[in-house]
1. Ignoring everything but the protein chains, give the 1.4 Å probe accessible area of A:Ser12 in square angstrom, nearest 10.
2. Beyond 20 Å between alpha-carbons counts as too far, so tell me which of A:Lys23/A:Lys57; A:Lys23/A:Lys241; A:Lys87/A:Lys183 fall in that bin.
3. In bins 10 Å wide, starting from 0, what share of all Cα pairs of the stretch A:120-181 does each bin hold, as a percent?
4. When the chain is fully extended, how far beyond the present Cα-Cα distance does B:Ser65 get from B:Trp4, taking 0.36 nm per residue of separation?
5. How far apart, in nanometres, would the label points at A:Arg25 and A:His247 be if each is projected 7 angstrom from Cα along the Cα-to-Cβ direction?
6. According to a simple spin-label model (label point 7 Å from Cα along Cα-to-Cβ), what is the distance in nm between B:Val215 and A:Asp3?
7. Please list, in order along the stretch A:21-33, the HN-Hα scalar couplings obtained from phi with the Karplus expression 6.51 cos²θ - 1.76 cosθ + 1.60 (θ = phi - 60°), rounded to whole Hz, x for Gly and Pro.
8. Under 5 Å between amide hydrogens, which residues at least 5 positions from A:Arg233 or on another chain qualify, with H placed 1.01 Å from N in the peptide plane?
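The values are calculated or read from the model by the stated rules, or taken from the named source; none is laboratory data. Predicted, not measured: the structure shown is a model, and the values here were computed from it. With ideal geometry, Cβ positions are generated from the backbone for all residues, glycine too; neighbour counts draw on all protein chains shown. Each accessible area value is taken on the protein alone, full model and side chains, heavy atoms only, with ligands, DNA and RNA left out. Shrake-Rupley method; radii C 1.70, N 1.55, O 1.52, S 1.80 Å.
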Amino acid sequence: MLDMSGFPLELSGENTPMVSFRKVRKSYGTLTVLDDLDLDINAGEMVSIIGPSGSGKTTVLRMLMTLEQINSGVIYVDGKPLTHMPKGGQLVPANERHLHSRRSDIGMCFQHFNLFPHMTALENCMEGPVQVLGLSKAEARDRSEELLELVGMIAKKDQHPSRLSGGQQQRVAIARALAMRPKVMLFDEVTSALDPEVIGEVTNVIRGLVSEHNLTMLMVTHQMGFARDISDRICFFYGGKIEEQGHPSELFGNPQRERTQQFLSAVREAV
Amino acid sequence: MFDWKWEFAWEILPRLVVATGNTLLAAGAGYAIALVLGLFLAIAQRSPSRALTFVVRELVEFIRSTPLLLQIFFVFYVGPQFGIRLSPWMSGMIAIGLHYACYLSEVYRGGIDSVPKGQWEAAIALNMTTLQKYCRVIIPQAIPSALSGMGNYLVGIFKDTPMLSVIGVAELIHTANAIGSEHYRFLEPYTMVGILFLAISLPAAGLIRLMEGRVRRKMGLK
């Protein structure tokens with residue numbers, strides 16, 4: 001039995017972060033992917049995670065979406081534990097019912113879009129609101145059409161994903177995630193599978209979200225310029241830990257750690 | 001040498017047509033049982049419970065590795081020793097339905113495995129329950145790739161219905177046997193049974209292929 005005494009049942013107070021990783025550890029066999037990660041993200045904050053591959057960036061998002069279980073530590077969302085649930089005055093690992101009740105705060109967009117191929121763009125967006133949130137079809141349709149309008153995909157609402165380009169699919173996927181009205185949005189390398197000429201149409205949509213919506217966002221990306229433009233904070237991951245973090249101008253302009261400097265200069269050379 | 005009697009053939013045709021109805025009914029009912037049960041067997045093998053997965057896996061292997069005829073005998077003749085007394089029809093449907101459910105569960109399993117992992121993850125990201133994941137996301141995508149296998153077993157179950165004759169279900173072979181022993185003529189009844197089977201199997205296989213294409217197009221899959 002792990003000692004859970006260091007983890008409160010709830011986070012409270014004025015500055016409670018929207019997302020809080022507390023000593024989160026994840027390993028596959030002997031390979032440690034995340035090493036006692038502590039990370040707070042405030043409500044409305046846009047945080048980008050950068051770093052070399054294998055540094056645990058994507059794992060952070062996948063654990064927050066409950067696609068992977070954590071080995072130890074606790075993740076809190078909106079002050080309440082996500083990976084654990086209170087039982088007898090202590091935190092115990094969450095069961096599926098608890099995950100189901102907490103997961104609705106989080107939405108995610110994937111590198112490979114993962115739209116449902118047997119549904120049209122509109123049906124993809126309506127699926128969650130109708131099936132999971134229990135909205136009427138009419139309500140879900142209104143909400144979905146509004147969001148497809150927002151991402152500039154309303155003209156293609158009756159197309160199946162196989163008829164859409166990568167950039168278009170990703171925009172529909174963003175609308176689908178937003179239709180669930182999450183508090184936290186996760187973007188997992190959403191432009192990595194796209195052709196260079198359509199990356200802009202997806203980054204513009206995300207840019208719009210940052211300026212117009214009070215969403216908390218966590219993004220893993222290789223688009224350094226984009227991350228620099230829109231993020232409130234950049235976290236540089238190395239070896240399953242945050243090696244360095246700060247405002248984009250500090251981290252990109254004046255990196256303190258040697259590994260950050262190496263990574264950034266390697267990335268710049270590649271461009 | 002070639003001693004075909006048209007008159008006799010016409011005379012027995014009505015009985016064979018009625019028997020064809022029974023054969024189709026047996027195949028249809030058995031297939032319906034197999035379709036539903038097979039899906040449960042396939043999904044049970046993906047359950048998080050190791051024990052359930054193991055038991056179902058072994059059951060499927062066991063049934064697939066023993067003859068259908070034995071299973072039919074078992075349900076019909078051994079059942080009563082345990083107080084389970086079933087009509088020939090009931091026993092036959094249970095045996096053939098269960099037998100084909102095991103084969104179909106493998107087809108479904110293949111179909112389910114062919115659905116990319118990202119689809120499961122997208123379903124989790126939308127906070128779907130397990131039931132919603134299967135009904136709304138996974139099964140609709142698994143069916144198109146399972147269709148050809150499902151079609152093969154539909155024809156297969158149709159051709160296996162004669163096994164039910166051994167416990168007295170009045171399907172085609174059973175009726176042809178009866179006609180043969182009443183009139184001491186087997187050429188006409190057996191030939192006609194063969195033609196009847198062919199006349200149903202061939203178009204059915206074609207129809208299934210046609211349906212496969214339509215379903216895939218309708219689902220927006222290529």
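1. Solvent-accessible area, nearest 10 Å²: 100 Å².
2. Values: A:Lys23/A:Lys57 16 Å; A:Lys23/A:Lys241 11 Å; A:Lys87/A:Lys183 25 Å.
Violating the 20 Å limit, Cα to Cα: A:Lys87/A:Lys183.
3. Pair shares across the bins are 28, 57, 15, 0.
4. On the way: separation 61, 0.36 × 61 = 21.96 nm, distance 4.09 nm.
Length gained between B:Ser65 and B:Trp4: 17.9 nm.
5. Spacing of the two 7 Å Cα→Cβ label points: 3.6 nm.
6. 5.7 nm
7. 8, 10, 6, 7, 10, 9, 9, 10, x, 8, 8, 8, 8
8. Residues meeting the criterion, in which the H sits 1.01 Å from N, are A:Met46, A:Ser48.
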